[in-house]
Amino acid sequence: MVALSDQLVTFAILAYLIAMISHAVEFALGNARRVPAAAPARELVGAGVGGGVIDEPVVPAAPQRPDRSAARAVLAGRIAAWLIVLGAALHLGAVVTRGLAADRMPWGNMYEFVLTGTWIGVAAWLVVLWKQPGLRRLGLFLTLVMVLLLAFAELKLYVQVEPLMPALQSWWFIIHVSTIIFASGIFLLGVVPAAAYLMRNGWEQGRRSFPYTLARRLPAAAGLERLTFTLHAFSFPVFTFAVIAGAIWAEAAWGRAWGWDPKETWAFISWVVYAGYLHARATPSVKRNVATWIAIVGFLTVMMNLFGVNFFFTGLHSYAGVE
């Protein structure tokens, strides 16, 4: 089962990578300039004026050439979407087989956390895409994030399957860790439209330098901003519950609900930042791009808690399995 899980992860990365390339083709073809059809030769027609005939050149309407680039861009985008579906299926298979091999929920170390959290992000994206197909081009940025995170997990975080240590053998493990992973996966997806909004908003304001040029074919900034808010408003209560559940578990396991352990501290920082984003988003005097930057900072704190704390700090939550 372990070997099967590893192979499925590899195939999932390949599917996401090819999907990313297909989305890049969609962007390239969508940005190609349309070449007009050649103008037809002029024709002479007679017009009677005072019994005489005057030859006047008349240019018929130019025939409409099918926009093949646009059609190919649509095809590339659809192929990319189906490749993401395939990648998500392989990804899910990797998570399930990893759990079966370990005979437990597959969240016992940092590698398994990233493997499951990224799948949550992809699954949520497919739900968004099903409801709003016009957002399909965001798939380019999502697949880029997925390829980077999964490749890093395979290269730097991978550990062999091991049983849970005694401190994690509790029902609170399922409750706390599952909700943290779920919230993190939605936050991961939420940062994609957030970054896209900042680029698209700059493009709509007339900025034509990099990276704003990447947003030329993205959906309208207002829609991207609404999606960013929706994802964060949905995920924040789940994240809040996960933090509370962790405190209850800590009280039962360690005799104290909160001890400013590095993981606890950064979880609190993330909670404050995301609460600040939602407050800023609900405040009319705060510009939407300022609020969106706060959401991006929130995601950076989540990444710090996931990677930075595990690599550079030690504490009661040192279960990552990495040195």
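A few points about this structure:
- Between residue 233 and residue 131, the modelled label-to-label distance comes to 1.1 nm, taking each label 7 Å out from Cα in the direction of the beta carbon.
- Apportionment of accessible area to carbon and sulfur, segment 92-224, percent (1.4 Å): 66 percent
- Average accessible surface area per residue within segment 223-318, 1.4 Å rolling probe, Å²: 50 Å²
- With the simple spin-label model, which puts each label point 7 Å out from Cα in the Cβ direction, the residue 253 to residue 10 separation comes to 3.4 nm.
- Average accessible surface area per residue within segment 118-181, 1.4 Å rolling probe, Å²: 51 Å²
- Using a probe of 1.4 Å on the protein chains alone, the accessible area found for residue 156 is around 130 Å².
- The local environment of residue 104, defined by Cβ-Cβ distances under 13 Å, has a net charge of -2 under the rule Lys, Arg +1 and Asp, Glu -1.
- A cut-off under 13 angstrom between Cβ atoms defines the neighbours of residue 27, and their net charge, with Lys, Arg +1 and Asp, Glu -1, is +4.
- Using the Cβ-Cβ distance between residue 152 and residue 78 with R0 set to 30 Å, the FRET efficiency works out to roughly 0.55.
- Among 188-195, 229-236, 147-154, 169-176, the order from most to least packed when residues are scored by Cβ within 10 Å on average: 188-195, 229-236, 147-154, 169-176
The values are calculated or read from the model by the stated rules, or taken from the named source; none is laboratory data. Quantities reported herein were computed from a predicted structural model and do not represent experimental measurements. Glycine also receives a Cβ, built like all others from the backbone with ideal geometry; neighbour counts cover every protein chain displayed. In case anyone asks, the SASA skips ligands and DNA or RNA and just uses the protein heavy atoms, side chains included. Shrake-Rupley method; radii C 1.70, N 1.55, O 1.52, S 1.80 Å.
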